[in-house]
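What follows is a single structure, written as structure tokens, with notes after it.
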Amino acid sequence: MTNRIRATLISVSLALMSYVVVGGLLGKSDTSSEKTYRDLGVYSEVLNRIKQEYVTDPDLKKVTDGAIRGLLESLDSYSTYLTPEQYKDYLQHPDPGPADVGIFISKRMGYATVVAVLPGSPAEKAGVKPGDLIDEIDGVPSRQSSVLQLARMMAGQPDSTVKLTLVREARVDPLSITITRSILNYPPVFTKMVDDGTGYLRVATFNKGKAR
């Protein structure tokens, strides 16, 4: 990295930090509406700095899409933004397929994290474990997609395959596995009575019809 590039990166980084800190401090004394407009001004200033001082010409549409997606995903793991192309594809193909791999995921700090694996599912048989980070699905980085999109990517037609790249704490290198999709058999509700007369009920998945 040349001195010029290094200096530019440092300049942009400092600018980003300054705008965030100053914007946050000034916003404390504003009303809610005024603070919203001030935050938009901070975003505009940061965007201008990126356009003027970033080392290469940035893809501003990609930057803006990422900013909007980050805004919504900061609310919770399931709120997200779909581009017009993604939304059109969703309307045209609302059901990605009847088969799946049996992985339940959530977004944590932008990363797709395996929350649970359905017992007896293709994912369990392939060795996927809760806590694994899904880095890529069929070569597509998970950070670029929402929980909804990732779940749709893992679903498909029976006997079709999907390739996952996993990051596991105990491994240095990412683990690539290919899983064959199948029609999932969701376990029934499990109930029993414990010794003191208390009823115990376990619902492994809240799939369609399970609440009834």
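The values are calculated or read from the model by the stated rules, or taken from the named source; none is laboratory data. Keep in mind it's a predicted model, so treat the numbers as computed, not measured. Cβ coordinates were reconstructed from backbone atoms using ideal geometry, including for glycine residues, and neighbour counts include every protein chain displayed.
Summary table
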quantity: Pairs, first touching a residue at least 60 places away in the same chain (Cβ under 8 Å) in the range 183-196, second in a strand (DSSP E or B) and aliphatic (A, V, I, L, M), C-beta under 7 Å, six or more apart; calculated: Ile183/Ala99
quantity: Test: residue in the range 50-62 that is under 17 Å from the mean Cα position of the chain (by Cα) and assigned to a helix (DSSP H, G or I); calculated: yes
quantity: Within the range 186-206, considering residues that are part of a loop (DSSP other than H, G, I, E, B) and aliphatic (A, V, I, L, M), the one farthest from Ile137 (Cα to Cα); calculated: Val194
quantity: Qualifying positions in the range 171-185 - surrounded by fewer than 17 Cβ atoms within 10 Å (Cβ to Cβ), out of contact with any Pro (no Cβ under 8 Å at 6 or more places or on another chain) and part of a loop (DSSP other than H, G, I, E, B); calculated: Arg171, Val172, Asp173, Pro174, Asn185
quantity: Conditions (1) surrounded by fewer than 18 Cβ atoms within 10 Å (Cβ to Cβ); (2) more than 22 Å from Asp65 (Cα to Cα): number failed by Val101; calculated: (1)
quantity: Total residues in the range 178-212, condition touching a Leu at 6+ places or on another chain (Cβ under 9 Å) and of a type in the set (Ser, Thr, Tyr); calculated: 4
quantity: Some residue of the range 52-70 being in contact with a Gly (Cβ under 9 Å, 6 or more places away or on another chain) and not assigned by TED's automatic domain parsing to the domain that holds Ser160; calculated: yes
quantity: Count of residues meeting criterion [surrounded by 12 or more Cβ atoms within 10 Å (Cβ to Cβ) and either within 20 Å of Arg143 (Cβ to Cβ) or touching a strand residue (DSSP E or B) at 6+ places or on another chain (Cβ under 9 Å) (or both)] in the range 55-64; calculated: 3
quantity: Residue match in the range 124-138 (condition: aliphatic (A, V, I, L, M), in the same structural domain as Glu169 (by TED's automatic domain parsing) and touching a helix residue (DSSP H, G or I) at 6+ places or on another chain (Cβ under 6 Å)); calculated: yes
quantity: Candidate set from the range 115-170 (those that are of a type in the set (Asp, Glu) and loosely packed, with under 14 Cβ neighbours inside 10 Å); member that is farthest from Leu72 (Cα to Cα); calculated: Asp159
quantity: Test result for Leu91, loosely packed, with under 11 Cβ neighbours inside 10 Å, at negative phi, under 18 Å from the mean Cα position of the chain (by Cα) and hydrophobic (A, V, I, L, M, F, W, C); calculated: no
